[in-house]
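Quick notes on the structure that follows.
The values are calculated or read from the model by the stated rules, or taken from the named source; none is laboratory data. As the structure is a prediction and not an experimental result, all values here were calculated from the model. Please note: Cβ atoms are built from the backbone with ideal geometry, for glycine as well, and neighbour counts cover all protein chains shown.
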Amino acid sequence: MVKRVVIAGGGTAGWIAAAALVKQLGPLIDITLVESDEIGTVGVGESTIPTTRTFHNLLGIYEQAFLRATTSTFKLGIEFENWNRIGDKYFHAFGTVGKSVWMADFQHFWLEGRRQGFGGDYGDYSLEQQAGNAGKFATAEGSKISYAYHLDASAYAKFLRGLAEPAGVKRIEGKISRVLQNAETGFVEALELESGSRIEGDLFIDCTGFRALLIEQTLKTGFVDWSEWLSTNAAVVVQTESTGPAMPYTRAIAHEAGWRWRIPLQHRVGNGLVYCNEFMSDDEARAKLLADVDGKPLFDPRLLRFKAGTRQQAWNKNVIAMGLSSGFIEPLESTSIHLIKIAVSRLIQAFPFGGISDATVTRFNAESRKEMEHIRDFIILHYKLTERDDSPFWRRCRDMHIPDSLAQRIALFRDNAAAYQGPDEMFRIDSWIMVMLGQGIEPASYHQAARMMDPAQLRQALSDLKSGIAAELSRLPPHQQFVEHYSAG
Ligand code: FAD
């Protein structure tokens, strides 16, 4: 029987896991969470993707309360600067672009329109991109706009704790000094704290961050290293004062050895400079970040190190790793918090009430790995498809060999403008296309469905789509104004 769940760690991962488990399975299990104020949390992770909203709905989170507690703003996508060439810009927006028919997706119609001279830009058919560029946003019951949030990571963990504790999660403050295993099976039996107390459990969720105290330090599960493709391995982060209205998108600005993010919250801006320390020293990164941010820093920059990759098994014996302990893919597309939510949702669906079986573990691990590989490929795409040759870092990215799974996707689009979303894959066709176009691919050919249309009819169809977006846009208020009004409500 599995009834006692122990969560080690109380960062974003620990409290997401706790809140979701107690909300969904509360009456059936006992949940204890141990965290150490002395160790603290990683304290970054502020840009999210739209699946966050699905997860919040599952937890019954009231959006306005969440916005107030986490000083969140809305996010419609990411603006990429200098990725393909210095001076280039493109937007990876949430939501759907244009309108597809079963035979051919929208990009084929757009490409034909462009050939005939009236297609415009692909992003002209994305409400989210147009609203992002205009700095506009609103949401209401039934609204079609797809969005996520920029949030304060520490406040978010506190907010989730505020939901989880009253619902029955027992929190213990203390430092875990030993992980006690069964001598025969190697299963974890208890966590021993520095105070000497013991917390026994049937199932342990390792949310101890990069320390990976249970899954790696104790069980030696192993790590699959992806740094040959994703070579950034450090970040310096700093928060700054706001200098203007918050825009509803994250900025990802490439530099000679990586990139920099800018995430606007209601009360401040989160900034970080991600780099590969083979090509940029920590001091250089710190100085570059401080030179490039546009508000007054609120503290000295902090340095974080990481390595791209994933655990050999997310679930090993009776330990499941969630969050940074399970692996890390750099934050370019803000996917880590999503991965925590998916992992806990998967656990809830496959909860091993009757005992841990190999079949359950194998399936859980296969799904986790597939998902990580999917995200990995999507991130590599941004680096591989560059024309930059101004630095050794970019030359290496451009020339690297990439996984076959990604090479095949690129070839499909390059040859025939085709893209796909496989079962259970998170990034939709529109995402792949926006990034592939943004990174400079010009498809050699495309589906000819649009040639069966009268040119005037195609022109009208594309123009109607743009007018529909323009009409919606005209009804949207400035994002900053909406956030202030809505989160006060
Ligand atoms: P942590 O926050 O490190 O928490 C670990 C917990 O374990 C803490 O509570 C700590 O006290 C506890 N602990 C550790 N050891 C012990 C012990 N011995 N005893 C007791 N307690 C212990 N994700 C996104 O989705 N979007 C982003 O924009 C984004 N940006 C990022 C930028 C960077 C540079 C990095 C490194 C990550 C980013 N992430 C992002 C990832 C995101 O920060 C994490 O996924 C998220 O914060 C979860 O972290 P965690 O809870 O796993 O680990």
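Observations on the structure shown:
- Annotation: Glu256 fulfils all but one of (1) away from the ligand (no atom under 13 Å from the Cβ); (2) under 27 Å from Gly309 (Cα atoms); (3) not assigned by TED's automatic domain parsing to the domain that holds Pro301; (4) not hydrophobic (A, V, I, L, M, F, W, C); the unmet one is (3).
- Inside the range 402-413, residues that are in contact with an Asp or Glu (Cβ under 8 Å, 6 or more places away or on another chain) and under 23 Å from Gly98 (Cα atoms) make up a count of 1.
- Within the range 380-400, if we keep just the residues that are assigned to a helix (DSSP H, G or I) and not hydrophobic (A, V, I, L, M, F, W, C), the residue that is surrounded by the fewest Cβ atoms within 10 Å (Cβ to Cβ) turns out to be Asp399.
- Only a single item in (1) closer than 21 Å to Met322 by Cα; (2) touching a residue at least 24 places away in the same chain (Cβ under 8 Å); (3) within 10 Å of the ligand (Cβ to nearest atom) is not met by Gly222, and it is number (3).
- Any chance Arg388 is touching a strand residue (DSSP E or B) at 6+ places or on another chain (Cβ under 9 Å), of a type in the set (Lys, Arg) and not assigned by TED's automatic domain parsing to the domain that holds Gln266: yes
- Among (1) over 29 Å from the mean Cα position of the chain (by Cα); (2) within 28 Å of Ser227 (Cβ to Cβ), the one test that Arg414 misses: (1)
- So Thr221, is it part of a loop (DSSP other than H, G, I, E, B), of a type outside the set (Gly, Ala, Ser), within 18 Å of the chain's Cα centre (by Cα) and surrounded by 15 or more Cβ atoms within 10 Å (Cβ to Cβ): no
- Strands (runs of 3 or more DSSP E) completely within the range 270-379 that count 2 or more residues being within 11 Å of the ligand (Cβ to nearest atom) and buried (at least 23 other Cβ atoms within 10 Å of the Cβ): none
- Qualifying positions in the range 6-58 - at pLDDT 95 or above and acidic (Asp, Glu): Asp30, Glu35
- Test: residue in the range 403-419 that is in a loop (DSSP other than H, G, I, E, B), of a type in the set (Asp, Glu), surrounded by fewer than 18 Cβ atoms within 10 Å (Cβ to Cβ) and not assigned by TED's automatic domain parsing to the domain that holds His255: no
- For the residues Gly142, Gly186, Gly132, Gly168, the requirement of being closer than 23 Å to Pro331 by Cα and either outside the structural domain of Val42 (by TED's automatic domain parsing) or assigned to a loop (DSSP other than H, G, I, E, B) (or both) singles out Gly132.
- Restricting the range 1-45 to residues that are outside any helix (DSSP H, G or I) and among the basic types (Lys, Arg), the residue that is surrounded by the fewest Cβ atoms within 10 Å (Cβ to Cβ): Lys3
- Tally of residues being buried (at least 17 other Cβ atoms within 10 Å of the Cβ) and closer than 28 Å to Asn82 by Cβ across the range 447-477: 1
- Residue count for the range 146-199 satisfying the condition of being away from the ligand (no atom under 13 Å from the Cβ) and at negative phi: 22.
- Within the range 1-44, the residues that satisfy the criterion of being more than 6 Å from the ligand (Cβ to nearest atom), within 21 Å of Ile61 (Cβ to Cβ) and under 25 Å from the mean Cα position of the chain (by Cα) are Ile7, Trp15, Ile16, Ala17, Ala18, Ala19, Ala20, Leu21, Val22, Lys23, Gln24, Leu33.
- Checking each residue in the range 224-266 for being β-branched (Val, Ile, Thr), buried (at least 23 other Cβ atoms within 10 Å of the Cβ) and part of a strand (DSSP E or B) picks out Val236, Thr250, Ile263.
- In the range 57-87, the residues that are away from the ligand (no atom under 16 Å from the Cβ), hydrophobic (A, V, I, L, M, F, W, C) and assigned to a loop (DSSP other than H, G, I, E, B): Ile61, Trp83, Ile86
- Candidates Thr54, Thr48 - the one that is buried (at least 20 other Cβ atoms within 10 Å of the Cβ), among the polar types (S, T, N, Q), within 19 Å of the chain's Cα centre (by Cα) and within 16 Å of the ligand (Cβ to nearest atom): Thr48
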